[in-house]
Each structure stands twice: as structure tokens, then as C-alpha cells.
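Have a look at the structure below before the remarks.
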């Protein structure tokens, strides 16, 4: 077994968008630091960052109705929608900076203008969408949002949604043309290519098997080469665990106390996909519907334009399923292997409190192909089964954590876990995930390098002009920022 004589400054575990983003940020801030990244598979972006393993929405709450719940008094809570949009604008600013610096290629390789729409039917849902529109239309980050209940207008926005639908059915939609489709796989690869060109190392087919804190404060990263099984180690001053569903086990192995009480619940998914040019050209939008009453946020149906490698396709879903794997290329023992004495109670309590989720998953697993296709026909009444085929999406591991009152809660979102000394950090959770990679990694920097923030601040504000503030606070600044990033990324403003 060989051991590195000199510690690297940064070790990135996992070849996804999170590690790529953090690596790119640190390289801008500290270009002399040595960076090494390790990915268990044969290429980067093969798990959740792969474009066919996620919705690629550029989550900005322009169309996702689960971010705008209706309060008990009938009003619409837009708090989370504004937060998610703010986060995505931070990501856009950093990408714009990297494009200007020549660190990223032609932005059309990873981001495309695609209208975002919300579409509902039924009187109650139409009224909900009208109230949501009224609550958002004047907000600086949602300017340009349109609303209609007119079938002809809706047909002009998204032709496939109207034909075959009963004329008596109440329908409504919102549209905003400044939405995007993001290929996070292409973005991840471009970021790693930039890092490698500037001296960073990327080791593919290298699985991290253990993390051990050494007496001098550095971390010994134990690796196994997947081809040949050769064990090696590398020492690192800072470690980031961006291994998706594999992050929980690695953080547990690190022994940091901050991971105690955390668990994970895996959910798999499927989509229907079509590449037929005649079908694809009739629908250029991302259209999100409303989840059925009692269904979890992950069940929100959507019919999406996807642009991957310059070719457009359509996806509809998701159809949830269950696998005990924490990664698409993971082990059937992942869920059982993640159970520890310190997280057993939170996991059991969270499970008991989310029996509706279990019921939903069972129902999805038992649904016939015909029943699943009918869900698409609720959006696209004239859809032909012959045009569509099934694909398996990536695994999502929802965070389970301790709760003083409930014992344990299931959290739909992402969470940064970092050691008290800032020497190691990792990311747990799922959506909105990739779209908010930049603000999440800024959080990592603030947690783990507080003594460097003052020195970094001038460059951080060049990388992300809104750093330390929120765009919502100033309508003029918000408009200028959205316009500037749209031009830099060659998008519709």
C-alpha cells in the first residue's frame, strides 16, 4: 500500500456537479492549492448529475407548484419559491463568471432557454393557480409571468396540452419564457475539464472505502481501484464528500459527531421518454402540474423538454419506485448498512410519520403500464404509447434527521454536514440539488473556511455579484442581474 508523502489541499469525493462546483470555486479563490477528485465509476456525472437521471429544470420555482403551498386561510405562501429562485440566480451568476473567464465553453452546451409552465385542471386547482399568479407576478424575480384560462392561448403556448381534452373541463396555465433546461452532466464534465487543464487530478474508477482523521488534523482517504482492486491512500487537508447517495456511509465512517442521528430513505424513479422529432417539435416547454392530495413533493408530474448533446427529447414523470440502493450503481445492502444505533430511532419515527409516502410508493409499484400512461394523457390527451419508452432515473436519498419533538423527520431537500473544525464536509439530500449547487457550495466555504472569507470576499463578489445579499431586496438590481446573466449565458431575458 502506497501513501502520499505530502497531503493534497483538497480531496473531492464523487464526480458529480457538487464536487465539480466546489472544485471550480476553490480553484478560483486559491489557484495554488492542489485538488484531487475521486470517482468510483468510469466517468463523471453518471449518477444524479447525468441528464437522464434528473429533470434538468434549472429549479427556480417558476413552475414547480410544490414550492407555493396554499395556507389554511386560502392565501399562497411564496417564501420557498422566492428562496429557490434566489439560489438558482446565484448559480447563474457563477456560471456567467466562468463563461466570461473562459473556464466554461459555449453556454449552449449546458443551458438552453425553455419556457416554464404550470398547468392545472378542475375548478379548485384553477382558482389556486390564479392566486399563485397574483402572489408572484409583481415579484422582481418572477416578472414576465403570464396567466390564462383560455384554451386557444394555452394551445399557442403548448399545443399538445389541449387537443383531445373535454371543452367543459376548467383549465389554467402560467408561463414564463425566461425558464431554462440545464444539462448538468455536460456542465459537470466541463467544470472537471477546466480543473484538469489547470493541474487538478481526476481519478476515475477509484472508490473511497474509508476516511480517518490523523493526529496532525489531516484526513487519510483510503481508496480501492475498481479495476485490479489495488488499495491506495491519499492524505488531504480538506475533504468534501459529494458522493450523492454514498455520502451518508462515508460521513458515518469518518466518525465526525455531526453525522450522528442522520439517516436516509432511498426513492427510485422512472420517466417516459420520446425522441420522435414529430412529437418533440410540438412541445417546447417544461410543464409542471399539481400533485394529488396527500402525495409527497417528489410526485409532482411534469412534461419536460430536455436538450442533451444538442438533441431535444421529451420526458414525462416521475413514477416513483423503491430500491434499497443509495445510488443507481449502488448495493442492495445500502439501506440496511446505513443503520446505526444513533440513527435507528429517527429512522423508525420518520417512517411511522410518513406512512402516506409508503402507501404512495406501494401504489406506484403496483400501477400497471396502462395506468402510468394515463397519467401522461392527463397532460397530453392524444399521446400515443408507441412513441414513448421507459427510462430509469437516478436514486434519490431523502434526509432523515433527529427532531426534539417527533424523534425523527423526513426532510425533502439538501443539507450540508460539516465537522466543527471545518476539515471535512459533505452533502446529503436531493431536490432542488444541482440547480442550487453554487449557493450550497458557498455555504460549505463559509462553514469550513471562516478565517479566509474576508480575504476571499472581493473575488467572491466578482464570481457572484449578489453574494451577501438577496436580489429580492432591490428591484433594479434584480432586473439588471437577470438581464446580465441572460446575455452571458445566451438566454432569453
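The values are calculated or read from the model by the stated rules, or taken from the named source; none is laboratory data. These numbers come from a predicted model, not from an experiment. Note that we place each Cβ from the backbone using ideal geometry, even for glycine, and neighbour counts take in every protein chain shown.
So which residues in the stretch 169-201 are under 18 Å from residue 129 (Cβ atoms) and assigned to a loop (DSSP other than H, G, I, E, B), if there are any at all? Give the derivation first.
Going through the stretch 169-201, the residues under 18 Å from residue 129 (Cβ atoms) turn out to be 169-177, 179.
Answer for the stretch 169-201, where residues must be under 18 Å from residue 129 (Cβ atoms) and assigned to a loop (DSSP other than H, G, I, E, B): 169, 170, 177, 179.
Given the residues 50, 85, which is the only one that is modelled with pLDDT of 95 or more, more than 19 Å from residue 426 (Cα to Cα) and buried (at least 21 other Cβ atoms within 10 Å of the Cβ)?
Working: 50 fails: modelled with pLDDT of 95 or more.
Just a single option satisfies the conditions, and that option is 85.
State whether one or more residues within the stretch 171-185 are in contact with a helix residue (DSSP H, G or I) (Cβ under 7 Å, 6 or more places away or on another chain) and surrounded by fewer than 15 Cβ atoms within 10 Å (Cβ to Cβ).
no
Quickly run through the stretch 1-47 and pick out the residues that are within 13 Å of the chain's Cα centre (by Cα), under 29 Å from residue 461 (Cα atoms) and not in a helix (DSSP H, G or I).
Answer for the stretch 1-47, where residues must be within 13 Å of the chain's Cα centre (by Cα), under 29 Å from residue 461 (Cα atoms) and not in a helix (DSSP H, G or I): 16, 45.
Do any helices (runs of 4 or more DSSP H) entirely within the stretch 372-488 hold 1 or more residues that are at pLDDT 95 or above, in contact with a strand residue (DSSP E or B) (Cβ under 6 Å, 6 or more places away or on another chain) and more than 30 Å from residue 160 (Cα to Cα), and if so, which? Let's see the steps before the verdict.
On the way: elements: 437-448, 453-463, 475-488.
Here the list reads 437-448.
In the stretch 146-161, what count of residues is obtained for those that are touching a residue at least 40 places away in the same chain (Cβ under 8 Å) and either in contact with a helix residue (DSSP H, G or I) (Cβ under 6 Å, 6 or more places away or on another chain) or part of a helix (DSSP H, G or I) (or both)?
Restricting attention to the stretch 146-161, the residues satisfying the condition of being touching a residue at least 40 places away in the same chain (Cβ under 8 Å) are 157-161.
If we keep only those that are either in contact with a helix residue (DSSP H, G or I) (Cβ under 6 Å, 6 or more places away or on another chain) or part of a helix (DSSP H, G or I) (or both) too, we end up with 157, 159-161.
Selection size over the stretch 146-161: 4.
Please give the number of the condition residue 91 fails out of (1) crowded, with 22+ Cβ neighbours inside 10 Å; (2) at pLDDT below 95.
(2)
Condition first: within 29 Å of residue 110 (Cβ to Cβ) and surrounded by fewer than 21 Cβ atoms within 10 Å (Cβ to Cβ). Can you find one or more residues in the stretch 215-229 that meet it?
Among the residues of the stretch 215-229, at least one is within 29 Å of residue 110 (Cβ to Cβ) and surrounded by fewer than 21 Cβ atoms within 10 Å (Cβ to Cβ), which makes the answer yes.
Being touching a helix residue (DSSP H, G or I) at 6+ places or on another chain (Cβ under 6 Å), surrounded by 15 or more Cβ atoms within 10 Å (Cβ to Cβ) and under 29 Å from residue 311 (Cα atoms) is true for just one of 115, 140, 107. Which residue is that? Spell out the reasoning first.
Numbers: 115 fails: touching a helix residue (DSSP H, G or I) at 6+ places or on another chain (Cβ under 6 Å); 140 fails: under 29 Å from residue 311 (Cα atoms).
It is 107.
For residue 119, indicate whether it is within 23 Å of the chain's Cα centre (by Cα) and assigned to a helix (DSSP H, G or I). Even if it seems obvious, please write down each step before you answer.
Values: within 23 Å of the chain's Cα centre (by Cα): yes; assigned to a helix (DSSP H, G or I): no.
Judged against the criteria, residue 119 is not a match.
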